[in-house]
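Structure record follows, encoded as structure tokens.
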Amino acid sequence: MRPVPPQVLILGGIVSVQFGAAFANKLFAQAGPGGVVLLRLALAAVMLMAAARPAIRGRTRSDYLAVLGYGLILGVMNWSFYEALDRLPLGVAVTIEFTGPLAVAIGGSRRALDGLWVVLAGGGVLLLALRGDSGDVTTVGVLLALNAGACWAGYIHISQRVGKTWAQLDGLALALCIGTLVVIPVGIVEGGSALLRPSLLAAGAAIAILSSILPYSFELIALRRLRAATFGLLMSLEPAVAALAGVLLLGQPLHLVTTVAIVMVVIASVGTTLTSRASAEPASEIPVALG
């Protein structure tokens with residue numbers, strides 16, 4: 001049997017992440033964003049710990065600190081994103097969050113052309129922020145999405161360190177455990193006893209699989225056979241797929257201004273990928289999808 005093309009795996013991971021986020025949004029009324037993110041991280045941690053069975057002995061202090069920072073960022077990032085998702089349409093939240101990895105991609109360059117991508121991406125986010133009086137975009141939601149994007153930028157740097165020192169998914173499994181501890185307080189406050197309902201636990205397991213297990217696994221396999229530039233181009237579709245998931249699963253309309261803003265950010269991401277000198281870097285150092 002011929003292996004699945006890596007491009008198909010990456011696209012499958014993107015679709016899985018964004019439709020998983022849309023599914024999570026449907027559960028906010030039962031357990032709140034905090035409760036849902038607690039279920040996602042906790043159940044994903046249990047699954048990955050069982051699969052990876054990470055060895056934690058014999059590590060250096062630096063290794064432990066790296067995975068600790070990784071876990072803290074994962075917890076705050078996912079909580080911020082789900083809280084933003086409760087206040088913004090899915091496509092808007094992901095587009096704003098996507099400025100984090102986009103800033104990392106542009107940040108190391110000193111070329112004038114990259115200024116164009118900064119203006120496009122910044123203009124797109126500004127358009128979304130200025131729609132705060134439209135009823136479906138709030139200032140708090142925009143700030144939370146920006147915080148998630150900043151965490152995603154930090155995640156990119158620290159995940160490279162963890163990926164080089166922890167085998168396979170060991171570092172990720174441990175980080176998810178730490179991230180779970182981070183969101184326990186807000187998860188219990190918002191979710192309460194609802195978190196123990198069998199139906200909600202089953203839904204949380206589905207979200208953990210859609211938003212964590214499947215995309216991480218797909219990317220791990222695909223990145224062994226995929227160029228960094230190709231991966232970056234595919235990842236540029238993230239905001240557009242998120243908007244599509246919002247329309248199909250959540251009934252969130254795509255207004256003209258929203259569509260233009262998303263297209264601006266997507267073009268900035270594609271442009272950055274095509275013109276970046278970093279396209280020759282190993283694909284394993286390109287950020288993964290977390291939405």
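Structure notes:
- Residues of the stretch 46-79 classified as surrounded by 24 or more Cβ atoms within 10 Å (Cβ to Cβ) and of a type in the set (Gly, Ala, Ser), total: 2
- Within the set 183, 241, 288, the sole residue that is modelled with pLDDT of 90 or more, surrounded by 18 or more Cβ atoms within 10 Å (Cβ to Cβ), in contact with a helix residue (DSSP H, G or I) (Cβ under 6 Å, 6 or more places away or on another chain) and under 17 Å from residue 7 (Cα atoms) turns out to be 241.
- Some residue of the stretch 89-102 being at pLDDT below 85 and more than 30 Å from residue 171 (Cα to Cα): no
- The numbered conditions (1) over 30 Å from residue 258 (Cβ atoms); (2) out of contact with any Gly (no Cβ under 7 Å at 6 or more places or on another chain) are all true for residue 67 except (2).
- Listed here are the helices (runs of 4 or more DSSP H) enclosed by the stretch 53-139 that have at least 2 residues being among the hydroxyl-bearing types (Ser, Thr, Tyr): 61-85.
- Inspection of the stretch 110-123 identifies no residue that is surrounded by 14 or more Cβ atoms within 10 Å (Cβ to Cβ), farther than 20 Å from residue 62 by Cβ, of a type in the set (Val, Ile, Thr) and modelled with pLDDT of 90 or more.
- Among the residues of the stretch 230-278, those that are among the small types (Gly, Ala, Ser) and in a helix (DSSP H, G or I) comprise 232, 240, 242, 243, 245, 246, 261, 268, 269, 271, 278.
- Pair list, Cβ under 8 Å, 6 or more apart: the stretch 249-262 residue surrounded by 13 or more Cβ atoms within 10 Å (Cβ to Cβ), other residue not in a helix (DSSP H, G or I): 249/26; 250/26; 250/89; 252/89; 252/136; 255/134; 258/89
- When residue 53 is tested against the conditions (1) over 14 Å from residue 210 (Cβ atoms); (2) touching a helix residue (DSSP H, G or I) at 6+ places or on another chain (Cβ under 7 Å), the lone failure is (2).
- Only one of the numbered conditions (1) modelled with pLDDT of 85 or more; (2) more than 21 Å from residue 212 (Cα to Cα); (3) of a type in the set (Asp, Glu) is violated by residue 86, and that is (2).
Condition check ((1) in contact with a helix residue (DSSP H, G or I) (Cβ under 7 Å, 6 or more places away or on another chain); (2) among the β-branched types (Val, Ile, Thr)) across all residues:
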| residue | (1), (2) |
| --- | --- |
| 64 | no, no |
| 68 | yes, no |
| 74 | yes, no |
| 84 | yes, no |
| 90 | yes, no |
| 95 | yes, yes |
| 98 | yes, no |
| 104 | yes, yes |
| 113 | yes, no |
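- Any hit, the stretch 180-199, residues being in a helix (DSSP H, G or I), within 15 Å of the chain's Cα centre (by Cα), touching a residue at least 12 places away in the same chain (Cβ under 8 Å) and within 19 Å of residue 20 (Cβ to Cβ): no
The values are calculated or read from the model by the stated rules, or taken from the named source; none is laboratory data. For clarity, every value in this text was computed on a predicted model and none was experimentally measured. So basically every Cβ, Gly included, is an ideal-geometry build from the backbone, and we count neighbours across all protein chains shown.
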